[in-house]
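In what follows, a single structure is set out as structure tokens and then discussed.
The values are calculated or read from the model by the stated rules, or taken from the named source; none is laboratory data. This one's a predicted model, so the numbers in the text were calculated from it and none came from an experiment. Note: ideal-geometry Cβ built from the backbone for every residue, glycine included; neighbour counts use all protein chains shown. Ligands, DNA and RNA are stripped out before the accessible areas are found, and what is left, the full protein with its side chains, is counted by its heavy atoms. Shrake-Rupley method; radii C 1.70, N 1.55, O 1.52, S 1.80 Å.
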Amino acid sequence: MAAPVLASMAVPRPCIVLPMSSAASRDGIVPVSAAAGRWRSGMLPGFSGLRASVSREMLKPASMVIRRAKVVCEAQDTTVEVPDVTEETWQSLVMECDKTVLVEFWAPWCEPCSTIHPVIGSVSAAYAGMIKCFKINTDENPEITAKYEIRSIPTVVIFKNGEKMEKVIGAVPESTLISFIEGYLDRNSYPSQPMETYKEEEEPFLRAMSLMSMSAIGTVVKAIIELGVLDIIAAAGPGAGISLQDIVAQLNTTKPIASADALERMLKFLVNYSILKCRDEVDDKGQSRRLYGLEPVYQFLLKSRDGMSLAPLLLHEQNLALTTAWHHLKVAVTEGDVPFDHVHGTNVNDHRVRHFDTLGRLFHQAMAENTAILMNKILETYKGFEEIAELLDVGGGYGATLALILSRYPHIKGINFDLPYVISEAKLIPGVEHVSGDMFISIPTAKTIFLKILKNCWKALPENGKVLIAEFVLPSVPKANLEAQVVHHIDLCMLAYTSGGKERTKEEFENLATEAGFTGLSITSTIVAFTIIELSK
């Protein structure tokens, strides 16, 4: 990708000075062929340098607010003094640094350089602890300048693990600089606390205002998934960006102008929530454009991610039949009713059967792919299947969980148990027998039972048999973190859609196990609150 250029001056080089045409000086950009400024003694004596005329208003840096270490909007202007690096300290400060390093190549005579200095300082303050920022004087360090082919200044170069990653030419806006930095940050190095700097009375108001957009997040992501926008951006390649116009060109739309406006507003909204990212750049013709890229969350939302996507689950949860139930959540309190039953006059399972093509099939696909993602992680650490000879999966859907387990433990005989209409859609899986029935009435006998819902299990086990529960476990005390939010949301889904369904704490699972007659409970593996619990008979 060509490096973006906004305003720069040519770095003087020991070469022939060519005349600069009027076209070349447009937009305050001096071409490589034009020498500028002063070089060290003995080089181009008597040449006092060229000066590019650049509007300070055009180059005035935007200020910023950092939210979760991302630039979101204008506000904060805190900067720090960026330290110098020289040829003598280059190896230790830049090449051997264990963090992403940003280096500004500049010179005292360079007018655009003075404009980007506070931008670098502001970025250094905002990303303190995550990146290192330095500046290097090109007049005093010609060898480093030549090594990295710096022909115009200011030029900002990003280094990671001692390697040059990318460069940004000119006095670019903060948004452009931040976009380049974001791609090379170690996500694990982000600070654990938010970096908002609101006045004390402002934050509660903003939090209250933000509640209005909660429902919009799911619906906007649903639209983006259905349009295939994430897959279009992903097809541009890792780390690449794609313009709004290029995205719209690949969509099936009858009104491109209106479509572009609507889509752009959705994309900006998703940048606010760290689902997408964007950067502004100026091409070689001086034309500004915005490129959209993907944040790490995208990998779980692609439609094209074969069998390992959360897109079906999100589309299922955004189905009108389910979202309508949420609007009647209060009846769970006022009348003790199940909101879904209250709205539709039937329970959610019967509704999925009657609307299998639009909802039932999507539900089972969602469960299969969600489970596949989590079980792949569980199987990396959980070794409890090594000694199991026979495994019954209660409520196993299409058999995706057993297929994953048997792919690693082919010695196991698998039995997949679910409702008749589900089993009728299940495909043949080597080593797995599909059995239909109702778990609330009876469960086939097996030496080990693997299930997501604990019912009628104890009597289905032989002596010394074992039940494996794969479930999200609620924290005993409510917590304000992402993991707890996910589990509590799933618990509220149970409240909205089912009669008696709920997620449980470890203590509640222990009580259930004791009441059912099990003699022992142990938690053996946990991935983001998704837990394998072993119950022994």
The answer for THR100, listing residues at least 5 apart or on another chain whose modeled amide H is closer than 5 Å to its amide H, is LYS132, ASP186
Cα gyration tensor, the stretch 89-183 - rounded (a/c under 1.5), prolate or oblate
oblate
For LEU492 and GLU81, extending 7 Å from Cα along the Cα-Cβ vector and measuring point to point gives, in nm, a value of 5.0 nm
Size of the stretch 213-302 along its principal axes in angstrom, Cα-based, largest extent first?
41, 31, 24
At R0 = 56 Å, FRET efficiency that the Cβ-Cβ distance of GLU510 and CYS97 yields, to 0.05:
0.70
Name the residues of the stretch 427-446 whose amide N is less than 20 Å from a point 7 angstrom out from the Cα of HIS411 along the C-beta direction?
430-433, 446
Could you sort 359-371, 166-178 so that the peptide with the highest average Cβ count within 10 Å comes first and the rest follow in order?
166-178, 359-371
Report the equivalent ellipsoid semi-axes for the stretch 393-508 in whole Å, largest first, defined as the square roots of five times the eigenvalues of the gyration tensor built from alpha carbon atoms.
27, 16, 16
Which cross-chain or sequence-distant (5 or more) residues have an amide H under 5 Å from the amide H of ARG504, H modelled 1.01 Å from N in plane?
LEU474
Taking 0.36 nm per residue of separation and subtracting the Cα-Cα distance, what length does fully extending ALA146 through GLU88 add?
19.3 nm
Taking +1 at the Cβ of each Lys and Arg and -1 at the Cβ of each Asp and Glu, which of ASN376, LEU521, LEU482 sits farthest along the dipole of the stretch 359-536 towards its positive end, judged by Cα position relative to the Cα centre?
ASN376
So what's Rg/Rh here for the stretch 360-402, counting alpha carbon atoms and using the Kirkwood radius for Rh?
1.02
Under the Karplus relation with 6.51, -1.76 and 1.60 and θ = phi - 60°, whole-Hz ³J(HN,Hα) for the stretch 121-138, x at Gly and Pro, equal x, 5, 5, 4, 5, 5, 10, 3, x, 10, 9, 10, 10, 9, 10, 10, 6, 5
So for R0 = 30 Å, FRET eff. of THR519-SER476 from the Cβ-Cβ r, to 0.05, ends up at 0.85
For peptides 471-478, 144-151, sequence by mean Cβ density within 10 Å, most packed first:
144-151, 471-478
Over the stretch 207-262, average the accessible area per residue using a 1.4 Å probe and give it in Å², no decimals.
57 Å²
Dividing the alpha-carbon radius of gyration of the stretch 303-405 by 2.2 N^0.38 Å (N being the number of residues), what value is obtained?
1.32
Distance in nm between ALA223 and THR253 label points, each 7 Å along Cα→Cβ, equals 1.1 nm
One finds, for GLU483 and PHE356 with R0 = 30 angstrom and r their Cβ-Cβ distance, a FRET efficiency to the nearest 0.05 of 0.35
Excluding ligands, DNA and RNA, what is the solvent-accessible area per residue of the stretch 358-440 at a probe of 1.4 Å, expressed in Å²?
44 Å²
Packing-ranked peptide list from 283-291, 97-105, highest mean Cβ count within 10 angstrom first, is 97-105, 283-291
Relative to a virtual label point 7 Å from the Cα of GLU295 in the Cα→beta-carbon direction, which members of the stretch 112-138 show backbone nitrogen distances below 17 Å?
127
